[in-house]
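Structure record follows, encoded as structure tokens.
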Amino acid sequence: MASNLNKPSFSTTLLAGKVALVTGAGSQLGIGRSTCLALMAAGAAAVYATDLNSGNFESLQKAAAAINSECRVEGRVLDVTSEEETLKLITEITREHGRFDLYFPNAGYVDVKNINDVTSVQIDDKPSSSGAIVVTASVGGMNGKYADMPYCTAKAAAIGMVRSACIQLSKSNIRINAIAPGFVATSLLSSSAYAQKGEKVSQAGTEEQAKADFFGYRKAQGMSEDYRYYFERVAMPEEMANISVFLASDLASSINGQTIAADSGMTEGALAHECLGGIPEVLPLEITLN
Ligand SMILES: NC(=O)c1ccc[n+]([C@@H]2O[C@H](COP(=O)([O-])OP(=O)(O)OC[C@H]3O[C@@H](n4cnc5c(N)ncnc54)[C@H](O)[C@@H]3O)[C@@H](O)[C@H]2O)c1
């Protein structure tokens, strides 16, 4: 199970004034939802949470109120497989706020033929433009052993797109990076069945139920429940959100075209574990004070 992490928080001035759009932010426990919460905490002026599902948008708005955030939180139904719908919303946001700063293409599902979580977006090549895009890829796009072929192919394509797009977008002052999560306890396993069919449903269920479903699925698949080693831990969605918000912020101003593996070391560790077997803890240094 995920370890208890101290909750680091962003300065409320980090993203002051920024207007953001997050796709796949409609589940009760997900990277998109956590990204919206992190954007609010970092002082964004407006966050547009979008998804096929609309059932959890109200609770996002309540969460903003609970932390006294002045961030305007809008929930919209958006199917990212529709380029038309996506561009319509981006146009609406830009008209409303006079700016559009941060884009998080994060929607996705597993075990299907096609992922379509990143639609092409045309960005005006105006000299005054700037912004940041953070794509949710996966370690499945780096290492084939984690998921099915279409998923891995789509995520590898997303990583390739980020590398190429960083050149294409440079002149417009727009950075693009990706995160590649390992296993994250989210609604993914339960929401995928709906998402595969493109169903627009109000996704019921609590965060606790989503967590129970996630770990129940892992158990049923015979996946490791042995969390002795750091790389075997399962991350929580807010850990992914922290990295996405960092990458979108000026703190990451020199990072461009990169995919950050956010897998607690799983990609490296899994192979090492197979070859080396059990890995002993590093012995502490014996240091004598005075
Ligand atoms: N959870 C993990 O272990 C893990 C690992 C690596 C990568 N990821 C990636 O993280 C991203 C977010 O997933 P999550 O784990 O937070 O799961 P999640 O199910 O909580 O969130 C994904 C959301 O995407 C939405 N969605 C799917 N297809 C859509 C479409 N066509 N249009 C709009 N919305 C759509 C779903 O309704 C769902 O709410 C996905 O791209 C996923 O592939 C997750």
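With respect to the numbered conditions (1) more than 7 Å from the ligand (Cβ to nearest atom); (2) touching a Leu at 6+ places or on another chain (Cβ under 9 Å); (3) modelled with pLDDT under 95, which one is the sole condition not fulfilled by A178?
So A178 meets the others, but not (3).
Of the residues in segment 235-285, how many are outside any helix (DSSP H, G or I) and either within 19 Å of L29 (Cα to Cα) or under 18 Å from the mean Cα position of the chain (by Cα) (or both)?
Number of matching residues: 14.
Considering segment 160-195 alone, what residues qualify as being part of a strand (DSSP E or B) and in contact (Cβ under 8 Å) with a residue 60 or more places away in the chain?
Within segment 160-195, R175, I176, N177, A178, I179, A180, P181, V184 meet the criteria.
Here are T50, T86, T81, T23: which of them is more than 16 Å from A132 (Cβ to Cβ), modelled with pLDDT of 90 or more, touching a strand residue (DSSP E or B) at 6+ places or on another chain (Cβ under 6 Å) and among the hydroxyl-bearing types (S, T, Y)?
None of the others qualify; the one that does is T50.
Go over the candidates F231, F246 one by one and state the one that is more than 18 Å from G32 (Cα to Cα) and among the aromatic types (F, W, Y).
F231
Among the residues of segment 182-205 satisfying the criterion of being more than 6 Å from the ligand (Cβ to nearest atom) and at pLDDT 85 or above, which is farthest from R76 (Cα to Cα)?
G182
Restricting to segment 122-172, name every residue that is touching a strand residue (DSSP E or B) at 6+ places or on another chain (Cβ under 9 Å), hydroxyl-bearing (S, T, Y) and either over 15 Å from T259 (Cα atoms) or modelled with pLDDT under 95 (or both).
Answer for segment 122-172, where residues must be touching a strand residue (DSSP E or B) at 6+ places or on another chain (Cβ under 9 Å), hydroxyl-bearing (S, T, Y) and either over 15 Å from T259 (Cα atoms) or modelled with pLDDT under 95 (or both): S129, S130, S172.
Looking for something surrounded by fewer than 15 Cβ atoms within 10 Å (Cβ to Cβ), at pLDDT below 95 and touching a Ser or Thr at 6+ places or on another chain (Cβ under 7 Å) - is there at least one such residue anywhere in segment 104-113?
Yes, segment 104-113 has at least one match.
Would you confirm whether or not segment 219-231 contains a residue that is of a type in the set (G, A, S) and within 20 Å of T50 (Cα to Cα)?
Looking for residues that are of a type in the set (G, A, S) and within 20 Å of T50 (Cα to Cα), one finds none in segment 219-231, hence no.
For F215, which of the numbered conditions (1) more than 11 Å from the ligand (Cβ to nearest atom); (2) within 20 Å of the chain's Cα centre (by Cα); (3) within 30 Å of S129 (Cα to Cα) fails to hold?
(3)
Which residues, counting only those in segment 41-83, are in a helix (DSSP H, G or I) and either within 16 Å of the ligand (Cβ to nearest atom) or under 15 Å from the mean Cα position of the chain (by Cα) (or both)?
Matches in segment 41-83: F57, E58, S59, L60, A63, E83.
Between a first residue in segment 147-159 that is free of Cβ contacts under 8 Å to residues at least 24 places away in the same chain and a second residue that is of a type outside the set (A, V, I, L, M, F, W, C) and surrounded by fewer than 17 Cβ atoms within 10 Å (Cβ to Cβ), which pairs have beta carbons less than 7 Å apart while being 6 or more apart in sequence or on different chains?
The qualifying pairs are C152/G144.
Hey, T12 hits all of (1) closer than 26 Å to D213 by Cβ; (2) assigned to a loop (DSSP other than H, G, I, E, B); (3) more than 10 Å from the ligand (Cβ to nearest atom) but one; which does it fall short on?
Failing condition for T12: (1).
The values are calculated or read from the model by the stated rules, or taken from the named source; none is laboratory data. In this text, all values refer to a predicted model and were calculated from it rather than measured experimentally. Cβ sites come from the backbone with ideal geometry, for glycine too, and all protein chains shown count toward neighbours.
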